[in-house]
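Undergrad: Before anything else, here's the structure in question.
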Amino acid sequence: MGRLKSSIGAGIATVVTAGMCVAASGQFIGNSPDRRLPKTPPVQFVYPEQVHVAAGKPANVDLHFRVLSGMHINSHTPHDDFLIPTTFSLPAGEGVRLESASYPAGSDISLPSAPKMKINVYTGDFTLDTRMVASPGNHLLKGVLHFQACNETQCLPPQMITAAMDVIAK
C-alpha cells in the first residue's frame, strides 16, 4: 500500500509539472471563450524611431515596449527554469553592437489556475536600458525582442518582434 501511495503521488506531481510545462511551451491551455488570445501582436515596440550617438563610443539607448492589455510576458529572470525569459538582441553585421542590456524588475503575479505559484512578468509598458556602440554612418537597426505572451488561461508560442530604428552615428 505504501508503494502504491508513493507511485500515485509521483504520478500527480508529474501531471501537475507537465501541465505547467505545456503552458510554458506555448501550447494552448483552457478553452474559456471570454479569454481568447488576441489577433494583434501581444507586444509592440513603441519608441525610439531614431537615435543620434557618438560613433565608436558606448551610448545609452532606452527601448520602450508595450504589452497588450490583458496579457503578460515572462520577465528576463522568471522564477522557474522551464519559463521562457524575455531577451533582446541585435543581429551581427548591422554596424551597431549591443554592449549590454538592463532589464526591468518584473512583477510577481499568481494565476487563477495556480494561486500559490508566483510568476515574474512584465505587463503594460516597460523599458530596456541598453548600451550600444555604432560605427560611423546611418544604420537601420532591427533589434529582436524574444518573449512568450500569455493571458490568465492560455499561452502563445514563443515569438519575436522587431524593434526597428535609425541609429545615426557621427
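Please treat every number below as a calculation from the coordinates, not as lab data. Just so we're clear, the structure is a prediction, and the values are computed from it rather than from any experiment. Note that each Cβ is placed from the backbone with ideal geometry, even for glycine, and that neighbours are counted across all protein chains shown.
Undergrad: Round to the nearest 0.05 the FRET efficiency obtained for SER89 and LEU111 when R0 = 30 Å and r is the Cβ-Cβ distance.
TA: Working: r = 28 Å, r/R0 = 0.95.
Efficiency at R0 = 30 Å is approximately 0.60.
Undergrad: Loop only by DSSP, 12 or fewer other Cβ within 10 Å of the Cβ. Give me the chymotrypsin sites (Phe, Trp or Tyr not before Pro) in the range 49-96 that pass, ordered by residue number.
TA: On the way: sites: PHE65, PHE82, PHE88; in loops: PHE82.
Loop-located and lightly packed - PHE82.
Undergrad: State the Cα centre-to-centre distance between the range 74-125 and the range 134-160 in whole Å.
TA: 11
Undergrad: To continue, here is another question. For the range 102-160, what number results from the quotient of the Cα radius of gyration and 2.2 N^0.38 Å?
TA: On the way: Rg = 16.2 Å, N = 59, 2.2 N^0.38 = 10.4 Å.
Computed over Cα atoms of the range 102-160, the ratio equals 1.56.
Undergrad: Taking the radius of gyration and the Kirkwood hydrodynamic radius from Cα positions alone, what is the Rg/Rh ratio for the range 49-170, to two decimal places?
TA: Working: Rg = 16.2 Å, Rh = 15.5 Å.
Here Rg/Rh amounts to 1.05.
Undergrad: Follow-up question, since we're still on this one. Stretched out fully, how many nm does the piece from ASP62 to THR77 gain, at 0.36 nm a residue minus the Cα gap?
TA: On the way: separation 15, 0.36 × 15 = 5.40 nm, distance 1.91 nm.
That works out to 3.5 nm of additional length.
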